[in-house]
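To start, the structure under review is shown below, and the notes come after it.
The values are calculated or read from the model by the stated rules, or taken from the named source; none is laboratory data. As the structure is a prediction and not an experimental result, all values here were calculated from the model. Methodologically, a virtual Cβ is constructed for each residue, glycine included, from the backbone with ideal geometry; neighbour enumeration extends over all protein chains shown. Surface accessibility is based on the protein's heavy atoms, side chains included, excluding ligands, DNA and RNA. Shrake-Rupley method; radii C 1.70, N 1.55, O 1.52, S 1.80 Å.
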Amino acid sequence: MQKLVVIGAGMASGRVLETLFETDPGAFEVTLFNAEPRGNYNRIMLSPVLSGEKSFEEIVTHDDAWYGANRVVCRFGEKVVAIDRTRKVVVGENGEVPYDKLIVATGSVPFIVPVEGRDLPGVITYRDLDDTNRMIEASARAGGRAVVIGGGLLGLEAAAGLRLRGMEVTVLHLTGHLMDRQLDEAAGYLLRRDLEKRGISVMTRASTERILGENQVEAVELADGTRLAADLVVMAVGIRPSVELAKAAGLAVNRAIVVDAQMRTSDPDVYAVGECVEFNGTLFGLVAPLYEQAKILAGCLLGRPGSFAVKELSTKLKVTGCDLFSAGDFAAGDGREEIVLRDPAQGVYRRLVIEDDRLVGAVMYGDTGDANWFFDLIREGAPVSAMRETLIFGQSYQGTAPLDPMAAVAALPDDAEICGCNGVCKGKITGAITAKGLTSLDEVRAHTKASASCGTCTGLVEQLMAMTLGAAYNPAAVKPMCPCTDLSHGDVRRLIVAKELKSIPEVMQELEWKTSCGCAKCRPALNYYLLADWPGEYADDDQSRFINERVHANIQKDGTYSVVPRMWGGLTSASELRAIADVVDKFSIPTVKCTGGQRIDMLGVKKEDLPAVWADLNAAGMVSGAAYGKALRTVKTCVGTDWCRFGTQDSTGLGVKIERFMWGSWTPAKVKMAVSGCPRNCAEATCKDVGVICTDAGYEIHFAGAAGLDIKGTEVLTQVKTEEEALEMIVALVQLYREQGHYLERIYKWLKRVGMESIRAAIVEDAEKRRHYFERFAYSQRFAQRDPWADRASGGVAPHEFRPMAEISYREAAE
Amino acid sequence: MTREWHRIGLLTDIPRRGARCVTSPFGRIAVFRTADDEIFATEDRCPHRGGPLSQGIVHDASVTCPLHNAVIELATGFMQGPEGGRVRVFATRVDPLTRVIELSLAEAAGVPEAAE
Ligand SMILES: Cc1cc2nc3c(=O)[nH]c(=O)nc-3n(C[C@H](O)[C@H](O)[C@H](O)COP(=O)(O)OP(=O)(O)OC[C@H]3O[C@@H](n4cnc5c(N)ncnc54)[C@H](O)[C@@H]3O)c2cc1C
Ligand code: HEM
Ligand code: SF4
Ligand code: SF4
Ligand code: FES
């Protein structure tokens, strides 16, 4: 009988042996080595063992009786240290075994993040039963804290298990969303929300700097300095194929052991299978393809060669209550269409990607009922045009006529609840429409409160209006923000606050965005709304900003930039002017010009010079003038009582105070201000977004002027006596605008939309409200007043933004 | 022209929904990374009036030019809308394990090449 030696008793080799013994029990005499002191078990079920849903005995695949019956010589707990291919023997720790055929099935080992403290007791990985038992032990102590590094499949299963066992768990993940290799942002957000509901904290964009502790792990420190106390640290950041043995034996090894479609290595008597192999450049990390390999390998050993091929894979997470599924290639691309279905109430997200009339990828969260059906469609490559309209609803919808939504609403009884927030039933809404002659959604909201809170019932209310009013109802009154949504800017702002939405993926999911990642119109708007509504909580998304706000300079028609430093109230000094002159010389800046807002503009700066230009200006005490931003731009002043013979108040001083207090704040559109020292108005305050005219009696506060495409004089908001009152009034006014304005809507358009009365009521007539708005502005300034130039000049922020990532030289290109 | 691959950096050097530049003898090339980690490369010149596409906002597999908001499809280089126009696109590939991005200049044929 031929001698077969197998190195590694894992999932792949186990399947090889099963197939072998089932087909021809007498063909080989098998010796099985395993470094782990036990035989084959179902490794992927370690997670249910960790969470306590299963016992180890339940997941053993082959027990002693099975090995006995098949006359396998088991050498468990014994590591193979060498393969001698010339003598055809395998060298174990306790002695040699000769082979005719050899299978290397050594699997892989967890990747260890090379940080200080990785060797401390209490820092473990997640691969085998011993790791699992260590985690179970650590969780036995009450109040234990665990930090899991890595928010992929393994890390999340570990986190969920530890949490079920009562530990306080934090998951650290390097990129912006969980399971980023398998899920898109929207599904990643839903997953995070579900995990957080289970009491697991999730930190994304968290990079581990080092692990701290004396004799035992005590804490994890992140790159931003955050420290997290920890009694247990689980590293689950990826795997590395175990190939040392094969390499030492001289087998061809690339990133893993190279095999052909018959699972043969470069030595025809040596086979390899499982996570330790590389086939056609592909590595493997899930069991489905390994089982396929095992079947092929067993067939080859028995003289029935097959051929292995890489197939589409799908992923599921084994955490009870987190239903997710992803398969195929779901990247957006040209010629690709996507269909997105979102049901925020149920936490459901589905996205299908179609190319050339075939389904090529799918991501699902919340309801994975049709996962297998979609997966089959992907694998078969079947044409889908016939069921395109209802495809996303799944298999059960195929072949039936689509439901008419109007008929469904008409069929509801009068006491059916439509608006859950305010408890409004169908009869009340239709009654009010008829009795009071309501014709717009806003009127229905005002009279019945239906759809006035969270707004998820808006669709139903609109259908009721259409049904009741017939042709008289014209829903086109709402102008959607962009083609990605049916909601208007106003709706979106209201819902962000009402539903406490705090990130872009969250808004897109909860408000049923029709695209997976928005467009150049909605993303900057959402970024502003979230920044304005959740100061200190929302992390600014650079990639959703227009280039000027991303690099803090103005893009010019030739792609170069202009740089404008802040000059408080229009004041400058000899040393600032000297620094500007030096920068102009040093970087050969072609044009220097005075702007309309009393600043100096350096035009034609090359992008790659920007950080150095800023560093020099910073060194002279200047910060960014935000001349590029939807933000407070300039406060223009005249010289007032300091110098002017007509001056009535210190207009320059007030202008400087306003600018110092308000710089750095983001606004729906740009905000330009001015303070004039008397009604002669040399600072042209009466065509600004906010202006002040000083008089002997005090300060006249103006706003809502325009001197651009439209030209319009300001309106007078009110008059105040002191500088302090003037500052408070202006700040409160701008804050009200920040909270109500639509993105890109200047103050004069905002006034036209909301009306003078409502603004006066909030800011002028109610001192307490005014104070609140003032304080909210002051609070948000704590996070906003950072000089963006300083951050970037120091190289701390995205250095590549300003330098090419690579340069291909002429010689290289010509080769 | 045989396809020559140039290693230009790591996937993670480019932010998701962002872009970076590569300089080459054929001019500046913009390299984009989408939300789904797809990589595309185009000439960094908008077909409209030469705007630097690398500075635009990336959404799905398109970029909006920062100068006048033309939308360019990254895979084909076509500009959306009635005016038409197209930028040159370059082939890229990403190693699934090391995440190294490689770029090919083969499509640069047709651009004047001094050496030939
Ligand atoms: C907790 C967990 C959950 C998972 N969940 C899933 C899932 O849901 N779905 C999925 O598809 N996949 C999942 N996986 C991945 C899956 O388990 C692996 O793909 C699979 O186990 C790999 O099989 P293998 O036979 O290649 O390696 P292994 O099963 O790792 O077996 C290799 C064996 O070789 C032994 N060995 C190594 N070197 C030597 C040596 N020199 N001498 C002797 N013996 C040696 C090792 O001790 C080990 O027992 C999960 C993995 C883990 C750890
Ligand atoms: C070593 C690297 C670089 C050098 C030596 C360099 C040099 C130059 C030169 C000489 C110009 C011509 C200026 C003009 O037309 O007036 C220019 C223009 C420009 N550069 Fe660079 N550059 C480099 C890298 C970059 C990078 C990485 C970017 C962007 C990420 C960039 C962005 C620009 C832009 C937008 C222009 C405007 C030209 C146009 O739109 O065609 N440069 N650069
Ligand atoms: S606005 Fe009045 S105070 Fe100011 S400079 Fe002109 S005249 Fe003088
Ligand atoms: S007025 Fe017109 S041309 Fe002049 S800077 Fe403004 S936008 Fe440009
Ligand atoms: S240059 Fe790109 S849109 Fe005008």
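Details
- Of all residues in the range B:60-90 being in a strand (DSSP E or B) and more than 9 Å from every other protein chain (Cβ to nearest Cβ), the one that is most open to solvent (accessible area, probe 1.4 Å): B:Arg86
- Among the conditions (1) in contact (Cβ under 8 Å) with a residue 12 or more places away in the chain; (2) open to solvent by 30 Å² or more (accessible area, probe 1.4 Å); (3) of a type outside the set (S, T, N, Q), A:Gly122 misses just one, which is (2).
- Hits in the range B:16-36 (condition: part of a loop (DSSP other than H, G, I, E, B) and more than 7 Å from chain A (Cβ to nearest Cβ)): B:Phe26, B:Gly27, B:Arg28
- Search result, residues across the range B:15-39 that are open to solvent by 30 Å² or more (accessible area, probe 1.4 Å) and on the phi < 0 side of the Ramachandran plot: B:Pro15, B:Arg16, B:Thr23, B:Pro25, B:Phe26, B:Arg28, B:Asp36, B:Glu38
- Unique residue being hydroxyl-bearing (Ser, Thr, Tyr) and within 16 Å of ligand 2 (Cβ to nearest atom) when the list is B:Thr34, B:Thr76, B:Thr42: B:Thr42
- Each residue in the range A:516-542 was checked for being within 14 Å of chain B (Cβ to nearest Cβ) and touching a helix residue (DSSP H, G or I) at 6+ places or on another chain (Cβ under 8 Å), and 11 pass.
- Considering A:Gly68, A:Gly117, the condition of being in contact (Cβ under 8 Å) with a residue 24 or more places away in the chain and either within 14 Å of ligand 1 (Cβ to nearest atom) or away from every other protein chain (no Cβ under 14 Å) (or both) is satisfied by A:Gly117 alone.
- Inter-residue pairs, beta-carbon under 8 Å, first on the phi > 0 side of the Ramachandran plot and in the range A:738-760, second part of a loop (DSSP other than H, G, I, E, B), 6+ apart: A:Leu744/A:Lys630; A:Leu744/A:Pro668; A:Leu744/A:Ala669
- Total residues in the range B:96-105, condition open to solvent by 30 Å² or more (accessible area, probe 1.4 Å) and more than 9 Å from every other protein chain (Cβ to nearest Cβ): 2
Conditions tested, residue by residue: (1) among the small types (Gly, Ala, Ser); (2) open to solvent by less than 60 Å² (accessible area, probe 1.4 Å); (3) in contact with a Gly (Cβ under 7 Å, 6 or more places away or on another chain).
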position	(1), (2), (3)
A:Asp582	no, no, no
A:Lys606	no, no, no
A:Asp609	no, yes, no
A:Asn618	no, yes, no
A:Gly625	yes, yes, no
A:Cys638	no, yes, yes
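- Filter result for the condition that a residue is without any contact (Cβ under 8 Å) to a residue 60 or more places away in the chain, surrounded by 16 or more Cβ atoms within 10 Å (Cβ to Cβ) and assigned by TED's automatic domain parsing to the domain that holds A:Gly285, over A:Gly77, A:Gly92: A:Gly92
- When A:Lys672, A:Lys606 are screened for being within 29 Å of A:Val720 (Cβ to Cβ) and either in the same structural domain as A:Val551 (by TED's automatic domain parsing) or more than 16 Å from ligand 5 (Cβ to nearest atom) (or both), only A:Lys672 passes.
- Taking the criterion of being open to solvent by 60 Å² or more (accessible area, probe 1.4 Å), among the aliphatic types (A, V, I, L, M) and at pLDDT below 80, the residues of the range A:305-352 that qualify are A:Leu313, A:Ala345.
- Taken as a whole, the range A:324-337 holds at least one residue that is in contact with a strand residue (DSSP E or B) (Cβ under 6 Å, 6 or more places away or on another chain), aromatic (Phe, Trp, Tyr) and more than 16 Å from ligand 2 (Cβ to nearest atom).
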